[in-house]
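The values are calculated or read from the model by the stated rules, or taken from the named source; none is laboratory data. On a predicted model such as this, the values are computed, not experimentally measured, just so you know. Heads up, the Cβs are rebuilt from the backbone with ideal geometry, glycines too, and the neighbour counts pull from every protein chain shown.
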């Protein structure tokens, strides 16, 4: 199970041995922030993608808002599964990349389309709505490719694909 901590920009991976076990599960923590990171950033949304293609693996996507960079807030992409043993989850998600969105104060994100091939995100304070296509880079890791935007949508916070 993954928990996103808004105020510290951390993802905690909980390792449940058994749901009937009443003891506190062991966990690991990883930061979602880009380097260097300014003070005052917050996490907003956490998603797990479906695999891209027949040999793909699921990835974890986390939005970071309030980045002071002129390139806007980021979406952090983490690999979750061991590439050699695709049935084995990594103990701690591994950061693959930070994608600059051009959006300000990302709140909502959602996957849509066949196999979650599209990611939509909105900037509450600026930037409107942007759609990205999930693609693989040369190393086979996930990346986002900008596809379309609508800057006339004001203060978007959530999305639902039909």
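Data for the structure
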item: Verdict on residue 73 being under 27 Å from residue 136 (Cβ atoms), modelled with pLDDT of 90 or more and either within 11 Å of the chain's Cα centre (by Cα) or surrounded by 17 or more Cβ atoms within 10 Å (Cβ to Cβ) (or both); result: yes
item: Qualifying position, being modelled with pLDDT under 90, outside any loop (DSSP other than H, G, I, E, B), under 24 Å from residue 136 (Cα atoms) and touching a strand residue (DSSP E or B) at 6+ places or on another chain (Cβ under 7 Å), among 62, 11, 30, 99; result: 30
item: Filter result (under 16 Å from residue 53 (Cα atoms), out of contact with any strand residue (DSSP E or B) (no Cβ under 6 Å at 6 or more places or on another chain) and surrounded by fewer than 17 Cβ atoms within 10 Å (Cβ to Cβ)) within the range 113-162; result: 113, 114, 115, 136, 138, 139, 140
item: Checking residue 92 against (1) in contact (Cβ under 8 Å) with a residue 60 or more places away in the chain; (2) surrounded by 20 or more Cβ atoms within 10 Å (Cβ to Cβ), the condition it does not meet; result: (2)
item: Selected residue [in contact with a helix residue (DSSP H, G or I) (Cβ under 6 Å, 6 or more places away or on another chain), part of a loop (DSSP other than H, G, I, E, B), surrounded by fewer than 17 Cβ atoms within 10 Å (Cβ to Cβ) and modelled with pLDDT under 90] from 83, 50; result: 50
